[in-house]
Amino acid sequence: MYELYQGKLIGIPKCGFGKTTKEELQRCSTHRTGKGSDKQKSDVTRSELTEKNDLGELKLAVSEMKSIKKGIVMISCDQNETKDAISAKLFRHGDRPPTEFYRNDPYQNPALWPVPPGELTNTGKMQHFKLGQWFRNRYDAFLSSVYNKDEIYIRSSDGDRGKDIWNENLAWQPIPVHTVPKKQDDIAGVYQFCAKYNHLKAAAEKELPYFRDFNEKNKNLYDQLSEKSGETISNIVQAYSLFDTLHIEKIYNFTLPNWADELYSSLKEIGDTAPRLLTATAELTRLFMGRYFDNVLKQFEFCSSGTGPIAEKFRIFSGHDDQVFSILSALNVQKLEAVPYAAVAILELRKSTHDDLFVQLFYKTKEDVADLIPIPNCGDQCSYEKFVEIVQPIALSEEEFNAECQNEIN
């Protein structure tokens with residue numbers, strides 16, 4: 001368990017979030033937990049994160065942080081709420097430096113970056129905070145007025161990026177987070193330990209005509225990238241890793257080498273295409289997203305019938321841009337591009353005025369707007385029964401997933 005910045009991020013009501021007043025913040029401060037002995041301080045200064053926002057005159061100063069987790073899945077349920085019976089969200093992390101640099105990278109000196117590779121910058125942390133405000137505004141009538149441990153369950157993959165500490169002088173509501181070792185994380189870390197998934201993904205890249213032809217078409221490009229970058233690049237996965245680094249350096253206004261600038265449009269196509277490999281077949285989709293959709297269905301079941309194994313109003317899972325993309329691709333949404341920072345995929349189970357349940361899919365890539373995306377073969381108001389019919393073949397129980405991943409690869 002650790003103290004989570006999502007106390008702000010997901011908008012724990014009346015405790016340092018959204019429409020909270022100074023007086024309410026002071027009352028919430030009595031619930032603040034102490035720091036554990038294993039907590040570490042970062043070099044983020046108070047002045048770096050002082051931000052005046054819509055909390056009135058309140059200025060938030062966050063000075064003690066470790067880097068923030070890649071993403072969050074949020075599943076919420078309230079049978080008494082007719083607007084949103086349940087909502088499931090997974091969003092990508094905010095701004096960060098590259099996770100790795102290529103051999104000939106002129107910008108691999110750590111002194112050029114505000115934080116270590118892969119960790120969230122102050123910009124990324126503020127993107128998360130603003131996203132949390134957006135959640136609060138959208139679901140203000142749906143969430144409880146105070147934090148209740150029986151309503152919220154949060155699970156994070158086990159890594160430093162998933163753990164952070166707020167300033168002990170800042171009034172906020174900490175909430176417990178359950179961590180899962182990387183080699184047991186069946187939602188955010190499938191490729192960390194499921195050999196069957198990795199074997200099938202590698203086979204799909206070689207054998208599926210789309211990816212085989214894509215690699216063949218780009219062979220000359222891969223040769224150029226190998227020569228210029230100093231890395232061995234012979235397939236879309238390796239090229240995607242290089243694109244990610246160059247894309248971030250471009251965001252940071254570093255002047256890309258001439259070769260990278262000239263080839264950037266081709267690299268962008270790779271960036272938009274590579275994530276499709278994650279769920280390129282029905283079996284890959286089941287292994288990669290099966291546990292997530294199983295959680296969604298179980299939560300939907302409780303909300304629709306009042307029975308089922310999952311009863312918390314909110315179940316939150318840390319995730320990555322891979323999962324955001326794969327939620328959409330698993331539902332057969334077309335014309336997808338690389339997931340931008342702080343993007344959110346949202347599934348909402350709603351109740352009509354005639355008490356009919358239907359599911360809507362939203363994709364938020366802009367600061368204040370979530371676009372309604374019609375669910376293929378079901379529409380923009382997909383009946384609950386039809387949604388279950390679409391998703392059930394994808395979902396995997398924990399037992400089924402473990403059995404699949406432990407099977408020997410033939």
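Just so it is clear, none of the values below were taken in a lab; they were calculated from the coordinates. These numbers come from a predicted model, not from an experiment. Note that each Cβ is placed from the backbone with ideal geometry, even for glycine, and that neighbours are counted across all protein chains shown.
For the range 209-275, the Stokes-Einstein estimate of translational diffusion at 20 °C and a viscosity of 1.002 mPa s comes to 179 µm²/s, using the Kirkwood hydrodynamic radius over alpha-carbon pairs.
Based only on other Cβ atoms within 10 Å, what is the fewest-to-most ordering of Arg155, Arg276?
Arg276, Arg155
Converting phi to 3J(HN,Hα) with the Karplus coefficients 6.51, -1.76 and 1.60 and the offset θ = phi - 60°, the range 109-119 yields 5, x, 5, 7, 10, x, 9, x, x, x, 8 Hz in sequence order, with x at every glycine or proline. In plain terms, the residue of Trp259, Trp113 with the fewest other Cβ atoms within 10 Å comes first and the most crowded comes last, giving Trp259, Trp113. In terms of other Cβ atoms within 10 Å, Asp355, Asp244 run from fewest to most in the order Asp355, Asp244. Here the range 209-275 is assigned +1 on the Cβ of each Lys and Arg and -1 on the Cβ of each Asp and Glu. Its dipole about the Cα centre then comes out at about 80 debye.
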